[in-house]
Amino acid sequence: MVNSKVTVSEILKMKREKRRITCITSYDYTTASLAEKAGIDLILVGDSAGMVVFGYNTTTPVTMDEMILISKAVTRGNKRSLIVGDMPFMSYQASDEDAVRNAGRFIKEGGVDAVKIEGGLRMKRRVEALIRADIPVMGHIGLTPQTSPLWGAYRVQGRTEKDGENVLSDAKALEEAGAFATVLEMVTAEVSKMVTEKLSIPTIGIGAGPFCDGQIIVLNDMLGLYEKFTPKFVKRYAELSKEIQKALENYKDDVVNGRFPGEEQTFHMKEPDAKTTPQQQSPHKKQEQHS
Ligand code: KIV
């Protein structure tokens, strides 16, 4: 693990050196800082925020302004991981100009290091336009959540040989266009293995089996924070929804029954040792004093 900032070159080097790349989504300061401490290589400020942060039913409605707002929080919280901003639906589809302008906003205003767009062969020219503007790009092929549902194609990709060849030509197109990596979503393990072996850029799998160069997972899914549905490819590393629910119910119960605040959380006019150390001050108070 390097301690310095992870760069696009480092991600490419990891593929060459066969070191697995760890990636996670994040949408806020706190989890971005925790991911930094855990040594995660790449953070995706995913448009899955549309569902897990903003409560839309799909990722489609999420806007550039919403994505930039959360990117600012993530980039404040994590100075080490490579941070990739996920271009929302219709922020890059209409023209190269739209793509470059919106990706530029992501970098300048959101502070991210690179952007991700969905689509392979059909997005080759778009990726080239972004690279010409000196913006590093990560691809996303296989199942592409922004548009697959529109075509009734929300299904595992690469079940047949022909399907596998399509995934490979998408991946090759991204590599040729200059993308530094590509996400493979819901692709059969056989096809993602073949694609990973044939590419010089890393593949980052989500529901794409164990042979990819790296793995990504939606943070809220792996923490058990998003309960609406859990795809088969998610492994739960915690059950935070249940923990939070329990904590909130206990808090309510304590307040209603007069158990909170207790003596420990209470100040008095005269106390034997009334010196307030900086640690005892509320963080909000400290903030006020600094500003
Ligand atoms: O938005 C997102 O979280 C993603 C991941 C599924 C890769 O694109």
Task: Residues being under 18 Å from residue 26 (Cα atoms), more than 16 Å from the ligand (Cβ to nearest atom) and either of a type in the set (Phe, Trp, Tyr) or part of a helix (DSSP H, G or I) (or both) - total across region 103-129 - done: 2
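What number of residues in region 169-188 are touching a strand residue (DSSP E or B) at 6+ places or on another chain (Cβ under 9 Å) and more than 16 Å from the ligand (Cβ to nearest atom)? First the steps, then the outcome.
Just the residues of region 169-188 that are touching a strand residue (DSSP E or B) at 6+ places or on another chain (Cβ under 9 Å), to begin with: 170-171, 173-175, 177-188.
With the extra rule that they be more than 16 Å from the ligand (Cβ to nearest atom), the set shrinks to 173, 175, 177-178, 188.
The number of residues fulfilling the criteria is 5.
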Task: Matching residues, region 41-55, being within 14 Å of the ligand (Cβ to nearest atom) and assigned to a loop (DSSP other than H, G, I, E, B) - done: 46, 47, 48, 53, 54
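Select from region 130-143 the residues that are buried (at least 19 other Cβ atoms within 10 Å of the Cβ) and away from the ligand (no atom under 15 Å from the Cβ) and list them in ascending order.
Residues of region 130-143 buried (at least 19 other Cβ atoms within 10 Å of the Cβ): 130, 135-143.
Of everything in region 130-143, those that are buried (at least 19 other Cβ atoms within 10 Å of the Cβ) and away from the ligand (no atom under 15 Å from the Cβ) turn out to be 130, 135, 136.
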Open item on the list: I'm trying to understand the selection: among the residues of region 184-237, which are among the polar types (S, T, N, Q) and not in a helix (DSSP H, G or I)?
Closed with: 188, 200, 203, 215, 230
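Could you run through region 155-168 and say how many residues are surrounded by 14 or more Cβ atoms within 10 Å (Cβ to Cβ) and either part of a helix (DSSP H, G or I) or in contact (Cβ under 8 Å) with a residue 60 or more places away in the chain (or both)?
Here is the first cut: in region 155-168, the ones surrounded by 14 or more Cβ atoms within 10 Å (Cβ to Cβ) are 156-158, 163-164, 166-168.
Cutting the leftovers down to either part of a helix (DSSP H, G or I) or in contact (Cβ under 8 Å) with a residue 60 or more places away in the chain (or both) gives us 163-164, 166-168.
Final tally of qualifying residues: 5.
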Open item on the list: If I ask for residues that are out of contact with any Asp or Glu (no Cβ under 6 Å at 6 or more places or on another chain) and polar (S, T, N, Q), which ones from region 39-72 would you list?
Closed with: 48, 57, 58, 60, 63, 71
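Looking for whichever is away from the ligand (no atom under 13 Å from the Cβ), closer than 20 Å to residue 234 by Cα and hydroxyl-bearing (Ser, Thr, Tyr) here; the options are 7, 75, 22, 58. Which one fits?
On the way: 7 fails: closer than 20 Å to residue 234 by Cα; 75 fails: closer than 20 Å to residue 234 by Cα; 58 fails: away from the ligand (no atom under 13 Å from the Cβ).
Exactly one residue qualifies, and that residue is 22.
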Task: Top-ranked residue of region 197-229 - restricted to ones that are exposed (fewer than 14 other Cβ atoms within 10 Å of the Cβ) and not charged (D, E, K, R), ranked as modelled with the lowest pLDDT - done: 229
Task: residue 36 being more than 15 Å from the ligand (Cβ to nearest atom) and either in contact with a Leu (Cβ under 8 Å, 6 or more places away or on another chain) or in a strand (DSSP E or B) (or both) - done: no
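The values are calculated or read from the model by the stated rules, or taken from the named source; none is laboratory data. Just so you know, these numbers come straight off a predicted model, no measurement behind them. All Cβ positions, even for glycine, are placed from backbone atoms using ideal geometry, and neighbour counts span all protein chains on display.
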